[in-house]
Amino acid sequence: MLRYAPFLAGAAAGVLYYKERRERLALERLGAATLESLLDAIDANNPETGAHARRVADYALRLACVADADERMQHAVERVALFHDIGKIDGAISDIVSETKKLTAEERRAVMRHPRRGAEVLRPLATFYPDLPEGVLSHHERWDGKGYPRGLKRTTIPFEARVVAIADTFDAITHSRPYSHARTMEEATEIISGGRGTQFDPELVDLFLSPPVLEYVENAMKKARSPKRAHGKRRGGSTPNVPDITFRWRTPSPLLRGVDR
């Protein structure tokens, strides 16, 4: 019997491994399903906010790719971009951002609470996505330390938040909102360039303003404005190989190397 002990021990270890792996994947799918539901909640609360989040995710993901972020970081950037404005589904803030008149000082202060509110909403998911609440909390921080809510500066700001800040600002400038009119791509690039080293990470600004990225962004803007455009679906059927929200919201692009999985 003793001679079979190593075999039995190995078999038991294998069973335990696969059991733990199955449980881990089940938990990861639960986390991913929760993100799916939250994304649907954003759309239901304010379709324009949902569309904005998808555009920001598209631009941010391209920028992260060009910045040579690894696959794990690209997914982290995607998640922060998709949920950076989730704090705006708070009833009071949602009503304010839907107004057509210019915001008062008090209303602006209320809107400025949305990064903290968003981080609070996402905090229970930190077990699955530890970088998500912190990235959402930090997406209005500035390179020079004059942002909010904590006045972080330079590389103390999470990479995901630094990427999303540029994509978010660009999209806010180039698309109409209830309280502002859309401006041209040229105006937007001038504003992004003007924030180099003050509002934004200078190296990321240089990458964002490089011809390959701007060409990609311009094409993405045209597609976003097309009335026939529909959100992309996951590849590989209803059960994805990777338990994540991987690119359900967009049509996979060959321009995004290393992320269409």
Per-region count, region 172-197, residues of a type in the set (Gly, Ala, Ser), outside any helix (DSSP H, G or I) and surrounded by fewer than 16 Cβ atoms within 10 Å (Cβ to Cβ): 4
- request: Any residue in region 114-126 that's hydroxyl-bearing (Ser, Thr, Tyr): show its pairings with residues that are in a loop (DSSP other than H, G, I, E, B) at Cβ separation under 7 Å, as long as the two are six or more apart or on different chains.
  value: none
- prompt: Quick check: is even one residue across region 198-214 in contact (Cβ under 8 Å) with a residue 24 or more places away in the chain, acidic (Asp, Glu), over 22 Å from residue 82 (Cβ atoms) and in a loop (DSSP other than H, G, I, E, B)?
  reply: no
- request: Can you tell me which residue within region 43-69, out of those that are assigned to a loop (DSSP other than H, G, I, E, B) and touching a residue at least 12 places away in the same chain (Cβ under 8 Å), is farthest from residue 212 (Cα to Cα)?
  value: 46
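Residue-wise test of (1) surrounded by fewer than 18 Cβ atoms within 10 Å (Cβ to Cβ); (2) modelled with pLDDT of 95 or more; (3) β-branched (Val, Ile, Thr); (4) more than 21 Å from residue 133 (Cβ to Cβ).
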| residue | (1), (2), (3), (4) |
| --- | --- |
| 152 | no, yes, no, no |
| 156 | yes, yes, yes, no |
| 161 | no, yes, no, no |
| 167 | no, yes, no, no |
| 170 | no, yes, no, yes |
query: Within region 102-138, can you find the residues that are farther than 13 Å from residue 86 by Cβ, hydrophobic (A, V, I, L, M, F, W, C) and at pLDDT 85 or above?
result: 112, 126, 128
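The values are calculated or read from the model by the stated rules, or taken from the named source; none is laboratory data. Quick caveat: nothing in here was measured; it's all calculated off a predicted structure. For neighbour counting, all protein chains shown are included, and Cβ atoms are generated from backbone atoms with ideal geometry for every residue, glycine included.
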